[in-house]
Structure formats: structure tokens, C-alpha cells
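Notes follow once the structure below has been shown.
Bear in mind these aren't lab numbers, they're just calculated from the coordinates by the rules spelled out. As the structure is a prediction and not an experimental result, all values here were calculated from the model. Cβ sites come from the backbone with ideal geometry, for glycine too, and all protein chains shown count toward neighbours.
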Amino acid sequence: MSARPALSPVPGTVPAEAVIDVSDLWMRYGATEVLTGVGFSVRRGEVVALLGPNGVGKSTTIEILEGFRVRSAGRVAVLGEDPERGGRRWRSEIGVVLQSWADHGRWRVRELIAHLGAYYTPYARQPWDPDELLELVGLTGQARQKLRRLTQGQRRRLDVAIGLAGRPRLLFLDEPTVGFDPRARHDFHGMIRRLAETEQTTILLATHDLAEAERLAHRIVLLAGGRIIADGSAAELARRAGAAGEVRWTRDGRQFRESTPRPARLVHRLYAEYGADITELEVRRATLEQTYLTLVADWESGGVATADAFVARPR
């Protein structure tokens, strides 16, 4: 295995209630190194979005955490156990929502959820009541409908229900809202917030929808080049990246707007120069998409020398 990089974004300490704890994780396929010293932790009840360009190791990381893939090196603890040795009780506390899920189309929706929920009854955590779970994901009206008759959006809601059937402590979501219309996506986002806040469900979300990640995630973990180049809230990463926000204001009946990486400084200058002549002042920080593009471009141009500046240390 090649030499370790000079700078590593592995956090120095691990929170007491870390549900996921990864340090110095390496993965190679033949001569190709996909992950090179990845490290991060996820606290109980957090929603964390794992982002990055295609092919940087997001799926590999998640599969290692789920216990579906054996790592090359490093330390991984999920719900206090090494995923490579997790038993049935450990697996009963983890929910997985894949991009697609094959099943028999003759199943009826409630019948399938009740059937899957029964597998969790020998374990300590009480599974969802089927009717309560279908209400949670918005499928009450389809309870007696056969799976093959579901629309794409309804099918995706069922995928989420399947992942939640055992009332997991930790939920992995892979592109969960593909095929959702705006209303269904809005309802789904509300459901995720409720799970995190009322059930204290920890959620690791992999998505290409940056607006969704910004709306849902407490923290963003950004992978590039086989390692983590950024870890923090969307606002924290925007500040560290220097991504431009936008200030809009009105003066003497004319509307103005200006992009700047330091909107607070611009606002101070405007009030110092024009005072009460400034009206309808609005400050918009950089979107996660702008921050993402800035961070990835910086990584591609500056490499490991710039990566450490974007990693938020545990508080």
C-alpha cells in the first residue's frame, strides 16, 4: 500500500455518542486505491450528507459501514461494533434504503411491511406498526395495492418504509427522493426531520441533490480524491471556502446586487456610506452547490495542501 498522505482530515477526538466512528479507512481494488485515510464520525440523531463527484468512493464507504464490503485497512465502528463482525441483533438496528429494490410484484403494500416487520420482533427494538409506518411515508391509501401497480414515486416511498420497518437506530439513504414530485419530496423531508428529532434516528444520506442535502443535513462530508476534503455545516463550509454570497439592497429607488465572499463586510460599508438611504437589504449566503463547486475546484487545483483548511474539527 502506498505511503500515507502528509495531511489527514481524521478528527482528533470522537464524540461520546458517536454512532459512526471511522478513522484512517483505506480501500483498494487491485492496484487502485479508492479510499486513502478517510476519517469522520456521526453523532446520535444527526443527519449527515455524504457528497462528492462520481467515482470518489461514496458507495464504497457506505457499503463498508453497512458491513457489505470488507475494508483494506483502518478502524470502523458502527453502533459500537465492527461492521465486519456485526451479528443479527446489530443488523436489526440498521436500516438501508437502496437506489432500487427487487421484489415480487404480487405482494400488497401492507402485507409486505407486516411480513418484514415480523423479522425484527425477536430483537430489543420495537418495529413500526405497519399502519403507522405507511402513514409516515404517505402510503396509507395504497395499503392494499399490489406493488406492481405503484407509481415510481410510491415505489420509492415503499423503499423508505422497507428501510424503516425495524425502527432502526441508524438509517442509510441512497438517493432517496429519486422520482418524487415536489410535494412528495417536501413530505419526505419532513419525515426525515421527525425521525431525527423525535426518534433520534441517525441518518447518513448519499445524494447528488445538493439542495436536498443543504435542506436536510446538519453536516456535510465531502469526498474527493479518495479522502475527506470538507466536513462541517453548509454555512461553515461556505465560510471556509470563501464561496460568494449575494447582497441585495435598494437606494434612491434603485435596486442593487453584489456577489461577495464577505457579505457582512459589504453590509457594514453600505451602512457606513449611505446609512438610512439603504432599504430592502437582503443577504443571501452561498448555496451548497456554489460551495461544493468551489471546494472541488480548489481540491483539483491545490490537492492535499488545501484540504485540511476545510475540515471542521469536533466541538
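Could you quote the convex hull projected area for the stretch 256-307, Cα atoms only and averaged over all directions, in nm²?
Average projection, Cα convex hull of the stretch 256-307: 4.7 nm².
Report the normalised scattering of the chain as log10 I(q)/I(0) at q = 0.09, 0.11 Å⁻¹, calculated by the Debye formula with identical scatterers on the alpha carbons.
-0.54, -0.76
Please express the Cα-Cα pair-distance distribution P(r) of the stretch 125-187 as a list of whole percents, one per 5 Å bin, running from 0 to the bin with the greatest distance.
That works out to 4, 18, 29, 25, 18, 6, 1, in percent per bin.
Taking the Cβ-Cβ separation of Glu199 and Ser72 as r and a Förster radius of 35 Å, what is the calculated FRET efficiency to the nearest 0.05?
0.55
Using the Cα centre as the reference, give the magnitude of the dipole from point charges on the C-beta atoms of the chain (Lys, Arg: +1; Asp, Glu: -1; all else neutral), rounded to the nearest 20 debye. Walk me through the numbers on the way to the answer.
Working: 45 positive and 40 negative charges, 109 e Å.
Approximately 520 debye in magnitude.
Based on the Cα atoms of the stretch 108-161, what semi-axes does the equivalent ellipsoid have, where each is the square root of 5 times one gyration tensor eigenvalue, given in whole Å with the largest first?
Those come to 21, 10, 9 Å.
Between Ser259, Val283, Ala244, whose Cα lies farthest towards the positive end of the dipole of the stretch 244-285 when Lys and Arg beta carbons carry +1 and Asp and Glu beta carbons carry -1, centred on the Cα centre?
Of the options given, the answer is Ala244.
Please give the contour-minus-distance gain from Glu81 to His104: 0.36 nm per residue of separation, less the Cα-Cα distance, rounded to one decimal in nm.
5.0 nm
In deg cm²/dmol and to the nearest 500, what is the mean residue ellipticity at 222 nm of the chain if only DSSP H runs of at least 4 residues count, each as -39500 (n - 2.57), divided by the residue total?
Helices in the chain give a 222 nm mean residue ellipticity of -10000 deg cm²/dmol.
Sorted by packing (mean other beta-carbon atoms within 10 Å per residue), highest first, where do 270-280, 65-75, 89-99 land?
89-99, 65-75, 270-280
Which FRET efficiency value, to the nearest 0.05, do you get for Leu293 and Asp131 by plugging their Cβ-Cβ distance into 1/(1 + (r/R0)^6) with R0 = 41 Å?
0.40
Beyond 15 Å, what percent of the Cα pairs of the stretch 244-285 remain?
Percentage above 15 Å: 32.
Pop out the Kirkwood hydrodynamic radius of the stretch 176-287 from its pairwise C-alpha distances, inverse of mean 1/r, in Å to one decimal.
That comes to 16.8 Å for the stretch 176-287.
Which whole-number percent is the relative contact order of the chain (Cα, under 8 Å, 6+ apart)? Let's see the in-between values first.
On the way: 583 pairs, mean separation 63.9, N = 315.
Across the chain, relative contact order equals 20 percent.
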